[in-house]
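Trainee: Below are the structure tokens for one structure; questions will follow.
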Amino acid sequence: MKLSDIDFPREVRERMEQVLLPGDEILWAGTSMPGMKRNFLDAEGLSGGVFILFVSITWCSKTLLVVIAILFTQSVTADKMGFLMFWLPFMLVSWWLMRFWQKLLFGDNARYYAVSSRFLLRYEKNTMKAVPLSDDLIQNLNIRKDGSGDIIIRKKEKTEGLFCLAEADKVAGILQRAAENIPPVPIPPARRDLTHADEQLPVRLRARIRQVLARDDRLLWVGCAEAWLPGRGIYLFAAFMAVYTLATGHALLQSQVLQMSTWVLFAIGWGILLFLFYIRHLENRRFYFLTDQAMGEIYATHTTELYPLAELSLREITITASGVIHLETSRMTWERMARIDTVLPLLLRGWEKKHRTTDLSAASAL
């Protein structure tokens, strides 16, 4: 089954296609239970359940009665505005509680799940996550009386998995069979940006990487982290700060005494500007690189970090709502990547080769 044949929204399919390799087959695709039933069955959905229900009813009703009483009093307009400003935080909390129960009762964004030949794909809250298949992927399986259930795949920091599936036992069986029959990774196509990756690096960084590489190792791929801020935003802010500085300097030359609030705003503004320039020109000078034997990263002002492929394993690939990609391994994480289609086959191929070599060495030792 192809991903284009599945009745998923276009954006969901495009996000999932970013991590699928050529020849990958969709073994199963589906969604969680819709709306109210899913949220009440989801252990994390109620977030306190009955307690929040009683608190929200009491809070919202009290706030509504007070606001109505203020609006219909005979006091002057200034007094009314003062009372309403005092009760503004209470009204905001009431609005948040009503939004919470609206999501709980009528459902929020749908959850889309798929199992491919190599990955478990999850699209939740406009974020797509891909987890490579393995024998120990399923940590726990919860089956309810009505046949629905949850497949837990991670329980360390935050419980993650496939929640409120109509046929959880069936999907778990598909996952286990797929993990036992993972196909070999296809050989990546020979491209210029892969065979001549060192040309994408500045000369100084190129020399620093060559110092840490083994003698028989070669550079396969290089990528740069995406910027924290859009290119024009920081320049507009810099222009604003320049005009503000000239105006302040002119006032000082005219021997005008500035108010303390003006000095505070001036100091805060320049602090923000310097911080933005730091992120733009230092933090974003971050390059990722992949060799035949290792993967690593290098900063313009920091030392090189390099790990052998045999010590790493792929944990998760996350694609955010804005399209930024995060690749997490067991010992390092590549953040703010723009593309992953060129490096993912190389990574999987390298891990496959290293694991096969390890298995052959262990078999020969026996």
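Every number in this text was worked out from the coordinates using simple rules, so none of it is lab data. This is a predicted model, so every value here is computed, not measured. Glycine also receives a Cβ, built like all others from the backbone with ideal geometry; neighbour counts cover every protein chain displayed.
Trainee: Among 310-320, 113-123, how do they line up from the highest to the lowest mean number of other beta-carbon atoms within 10 Å?
Mentor: Ranked by mean Cβ neighbours within 10 Å, highest first: 113-123, 310-320.
Trainee: Pairs Lys62/Lys125; Lys125/Lys170; Lys2/Lys129; Lys2/Lys125; Lys62/Lys158: which exceed 28 Å Cα-Cα?
Mentor: From Lys62/Lys125; Lys125/Lys170; Lys2/Lys129; Lys2/Lys125; Lys62/Lys158, over 28 Å: Lys62/Lys125; Lys62/Lys158.
Trainee: At a Förster distance of 35 Å, what's the computed FRET efficiency of Thr58 paired with Arg144, Cβ-Cβ distance as r, to 0.05?
Mentor: 0.65
Trainee: Quick check: residue separation of Asn126 and Arg10 times 0.36 nm, minus the Cα distance between them. What number comes out in nm?
Mentor: 40.5 nm
Trainee: Modelling each spin label as a point 7 Å along the Cα-to-Cβ direction, I'd like the Asp135/Ala110 distance in nm, to one decimal.
Mentor: 3.7 nm
Trainee: I've got another one for you. For Glu17 and Glu305, what is the calculated FRET efficiency with R₀ set at 22 Å and r taken between the beta-carbons, to the nearest 0.05?
Mentor: 0.15
Trainee: What is the calculated FRET efficiency for Thr77 to Asp292, with r their C-beta to C-beta distance and R₀ = 56 Å, to the nearest 0.05?
Mentor: Computed FRET efficiency for Thr77 and Asp292: 0.15.
Trainee: Using modelled backbone amide H atoms (1.01 Å from N, in-plane), which distant-in-sequence or interchain residues come within less than 5 Å of Phe119's amide H?
Mentor: Leu133
Trainee: Sticking with this one: Expected output is a single nm value to one decimal: the length gained when fully extending between Leu92 and Glu328, i.e. 0.36 nm times separation in residues minus the C-alpha distance. What is it?
Mentor: The Leu92-Glu328 span can extend by a further 81.2 nm.
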